[in-house]
Amino acid sequence: MSVVSRPLLIGTLTVLLVVLSIASLSAGKIWIPWSAWLDVGNDPRWAIILELRLPRTILGIFVGIALGVSGAALQGYTRNPLADPGILGVSSMAAFGAVMTLYIGMGTSAAWVLPVGAMAGGIAGIGLLLMLSGSASSVLTFVLAGMILNLLATSGVSLALNLAPTPWAVNEIINWILGSLSDRSVQDVRFAVPFIVIGAAVILTTGRALDALTLGDAGARSLGINMERTRLLLAVGVGIATGASVAVTGIIGFVGLVTPHLIRPLVGARPGALLVPSALAGAVVTLAGDIAVRLIPSSVELKLGVAMSVIGGPFFLAMLISLRRRTA
Amino acid sequence: MTQLAISNAFVRLGEKQVLNNVSAAFETGQVTAVVGPNGAGKSTLLTCLTGLRKPDQGQATLNGENLFKMSARQRARSIGYLPQIPEVAWAIDVRTLVGLGRTPYIGARGLSTADDTAVGAAMARANVTAFAGRSVTTLSGGERARALLARALAGEPQWLLADEPLAGLDPGHQLDAGDLFRRMAREQDCGVIVTLHDLHMALRIADRVVVLAEGRIFADDTPVKALSPDILARAYGIQSRLQEGEGGPMIEIVGRRA
């Protein structure tokens, strides 16, 4: 693959996104044919489109944007193609935050409690991560810190699961771990989208710093990059975007890992140039995955988070093998 | 003429006193070579002079202004820095790499025409134009070193602080790089400070040599005086002879000091 021009890349991804959005509104247990589409407002199937599939599609797009841009930013910051909010424990921390509100029984007291818990978890997660790994730390320390954080958050969730007071709570917690876009409401859209937009916008301001970080920490600082500021912006941006996503869909892994990796060769590997295309491609991947889980014939709908792991695990393995081959 | 100076600097790393009361002032229009045995504190001195490391005690100033009170961007515009082991994390092409040198100047709209001109000029001077489109990962060690040098030149800094810029270059390219440093000093009134291991190259390209050992300055003088057998014996523990060679003075290293 070689570098393609930026307008072409962004244009193609946008067209793909539009096509997939229409497919996402049409696809499911009940397929909505063109005839129903054209009969605006009168066909009863419009209710399915507007009330079930529209929120689901919008969330798919924005959650994909959040994961794609967060993954690209974290890979740029760590200078490591194997970083993403899932692997570094940010998603798990957000899930842990959400689960804690369920566990202590506050999650249902008001609609805002659980999402706020998830976001607080996400921001605490990435804050801890950046703190643990220190300022001049190596990539290795950063990734190790992320894995340890992931372990801690996951064990916290397991503990909450084990000690959950009611089967209902168990069920809810499992939903967070598996991650899904199904049965989302307009309420979820209203909550998540603004935060994802803010988070993504904050991340986009770090583009130049991520470019300079190609030359390492000392290289970037010698070029006038304020690393403290960059770290803070990344913590806030990734924390908010990932936290808001996890708050409405639970953990959806691998989108943040795989997407930047696929797009990187197309933008000439410059980390700053990767952010916007990776956000769009994240939306494409998430939407495509969500359409796929709806179309797979099974008695129970496959959860998107599970499907992504099933695809992402082998991808991860293939990446590792090709990386080893290159360095061997 | 402007001045980059460090005074009474102490730096401690763990158990080791890396810089022990170091004072030196550098001037533009000159190439200064900092030499000394491994672990002498050369790299640390350079990072203090770039404003990347604040000494535990002491001052670093640019034209009398405290280096650590200036904004990072302002400092980056004046002082270009080439680390000893330069990292290039991604498979970017050479032109993009050199373009990173413009970071302190880039506004919200990305690289301007002026930036492009500076990048082109830097690539020409470091002799990397021929492979501008190639990915950094495919370059040989020498090509990579030149591309990184071009990156440092692209910022058009008034000061260039390069940590072992000649390591990994063949003798021909070492001479080219040395000439480039001298031209920058002469023609553009740049201040060039390089750390070197090769004492011959220090003799050849430097206007002035600072000998650093055990975190202290042993000599700060013209190359011939600073690299005298007496000073080299104390700094390196070697026995040497200064000779007149065909290309100028040269140092014959006789062996370890008896």
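Packing-wise, with mean Cβ within 10 Å as the measure, how do A:113-122, A:201-210 rank, highest first?
A:113-122, A:201-210
Could the peptides B:250-257, B:13-20 be put in order, highest first, of the mean number of other beta-carbon atoms found within 10 Å of their residues?
Answer by packing, highest mean first, reads B:13-20, B:250-257.
With the dipole of the protein assembly as shown worked out from charges on the C-beta (+1 for Lys and Arg, -1 for Asp and Glu) around the Cα centre, which of B:51, A:269, A:113 lies farthest toward the positive end?
Of the listed residues, the answer is A:113.
Express in whole angstrom the spacing between the alpha-carbon centres of the stretch B:15-47 and the stretch A:1-75.
59
Please list, by residue number, every one of the chymotrypsin sites (Phe, Trp or Tyr not before Pro) in the stretch A:10-81 that is coil in DSSP and has at most 11 other beta-carbon atoms within 10 Å.
Qualifying residues, ordered by number: A:31.
Quick query: amide H of residue B:240 versus all other amide H atoms, modeled in the peptide plane; which residues come in under 5 Å with a sequence gap of 5 or more or a different chain?
B:254
Which lysines have a Cα lying under 25 Å from the Cα of residue B:225, excluding residues fewer than 8 positions away in the same chain?
Counting by Cα, and skipping residues close in sequence, residue B:225 has these lysines nearby: B:42.
How crowded by other chains is B:85-97, given as the mean number of beta carbons from other chains within 10 Å of each beta carbon?
6
On the first, second and third principal axes, largest extent first, how far apart are the outermost C-alpha atoms of the stretch B:1-151 in Å?
Sorted from largest, the Cα extents of the stretch B:1-151 read 46, 32, 28 Å.
Looking at the stretch B:57-95, which trypsin sites (Lys or Arg not before Pro) are DSSP coil and have at most 11 other C-beta atoms within 10 Å of their C-beta?
Passing sites in the stretch B:57-95 are B:69.
What is the sum of charges around residue A:71, taking Lys and Arg as +1, Asp and Glu as -1, for the other residues whose C-beta is under 12 Å from the C-beta of residue A:71?
0
Counting Lys +1, Arg +1, Asp -1, Glu -1, what net charge surrounds residue B:197 among other residues with beta carbon under 10 Å of its beta carbon?
In short, -1.
Considering only C-alpha atoms, what is the centroid distance from the stretch B:158-200 to the stretch A:155-200, in Å?
59
Place the peptides A:292-300, A:270-278, B:160-168 in order of packing, highest mean first, counting for every residue the other Cβ atoms within 10 Å and averaging per peptide.
Going by the mean number of other Cβ atoms within 10 Å, highest first, we get A:270-278, B:160-168, A:292-300.
Share of antiparallel DSSP beta bridges in the protein assembly as shown, in percent to the nearest 5?
Once the DSSP bridges in the protein assembly as shown are tallied, antiparallel ones form about 65 percent.
At 0.36 nm per residue, minus the direct Cα-Cα distance, what do residue B:134 and residue B:243 gain on full extension? Give it in nm, one decimal, please.
In short, 34.9 nm is gained.
Would you compute, from DSSP H runs of 4+ residues alone, the mean residue ellipticity of chain A at 222 nm, taking -39500 (n - 2.57) per run and dividing by the full residue count, rounded to the nearest 500?
Roughly -24000 deg cm²/dmol at 222 nm, from the helical runs in chain A.
Non-local amide H neighbours of residue B:216 (under 5 Å, H modeled in plane, Pro and chain starts lacking H): which ones?
When sequence neighbours closer than 5 places are left aside, the close amide H contacts are B:20.
Tabulate in residue order the Karplus-calculated ³J(HN,Hα) for the stretch A:295-307, using 6.51 cos²θ - 1.76 cosθ + 1.60 with θ = phi - 60°, rounded to whole Hz; enter x for Gly and Pro.
8, 5, x, 7, 5, 10, 5, 5, 6, 4, x, 5, 4
Counting Lys and Arg as +1 and Asp and Glu as -1, each charge on the Cβ, what is the dipole of the stretch B:1-149 about the Cα centre in debye, to the nearest 20?
160
If I build a Gaussian network model for chain B, linking alpha-carbon pairs within less than 10 angstrom, which residue out of B:156, B:87, B:143 has the largest mean-square fluctuation?
B:87
Separation between the residue A:182 and residue B:3 pseudo-spin-labels, each 7 Å from Cα along Cα→Cβ, expressed in nm?
Result: 7.6 nm between the two label points.
If each DSSP helix of 4+ residues adds -39,500 (n - 2.57) and the sum is divided by the residues in chain B, what number results at 222 nm, nearest 500 deg cm²/dmol?
Calculated at 222 nm, the ellipticity per residue is -9500 deg cm²/dmol.
Using a 10 Å cut-off on Cβ to Cβ distances, tally the other chain neighbours for every residue of A:207-215 and report the average as a whole number.
5
With each pseudo-label sitting 7 Å past Cα toward Cβ, what's the residue A:16-residue A:110 distance in nm, one decimal?
Distance between label points: 4.2 nm.
May I ask what percent, to the nearest 5, of DSSP beta bridges between residues of the stretch B:134-258 are antiparallel?
If we restrict to bridges inside the stretch B:134-258, about 70 percent are antiparallel.
Using +1 at the C-beta of Lys and Arg and -1 at the C-beta of Asp and Glu, which of A:4, A:285, A:321 has the Cα lying farthest in the positive direction of the dipole of the protein assembly as shown?
Going by the charge dipole, the pick is A:285.
What's the magnitude of the charge dipole for chain A around its Cα centre, counting Lys and Arg as +1 and Asp and Glu as -1 at the beta-carbon? Answer in Debye, nearest 20.
780
Net charge near residue B:243, counting Lys/Arg +1 and Asp/Glu -1 over other residues with Cβ under 15 Å of its Cβ?
Computed value for this residue: -1.
With N set to the residue count of the protein assembly as shown, report its C-alpha Rg divided by 2.2 N^0.38 Å to two decimal places.
Its radius of gyration relative to the 2.2 N^0.38 Å reference: 1.16.
Within 10 Å of each Cβ in B:66-72, how many Cβ atoms from other chains are there, averaged over the peptide?
Across the residues of B:66-72, the mean count of other-chain Cβ atoms within 10 Å is 2.
In debye to the nearest 20, how big a dipole does chain B give about its Cα centre with +1 on each Lys and Arg Cβ and -1 on each Asp and Glu Cβ?
Dipole size: approximately 600 debye.
For the stretch A:1-110, which trypsin sites (Lys or Arg not before Pro) are both in a DSSP coil and crowded by at most 11 other Cβ atoms within 10 Å?
Passing both the DSSP loop test and the Cβ count: A:29.
Any idea which of B:8, A:170, A:204 is furthest toward the positive side of the dipole for the protein assembly as shown, if Lys and Arg beta-carbons carry +1 and Asp and Glu beta-carbons -1?
Of the listed residues, the answer is A:170.
Laboratory data are not the source of any read-out in this text; all were calculated from the coordinates shown. Fair warning: this is a prediction, and the values are worked out from it, not measured in the lab. When we count neighbours, we look across all protein chains shown, and the Cβ atoms used for this are built from the backbone with ideal geometry, even at glycine.
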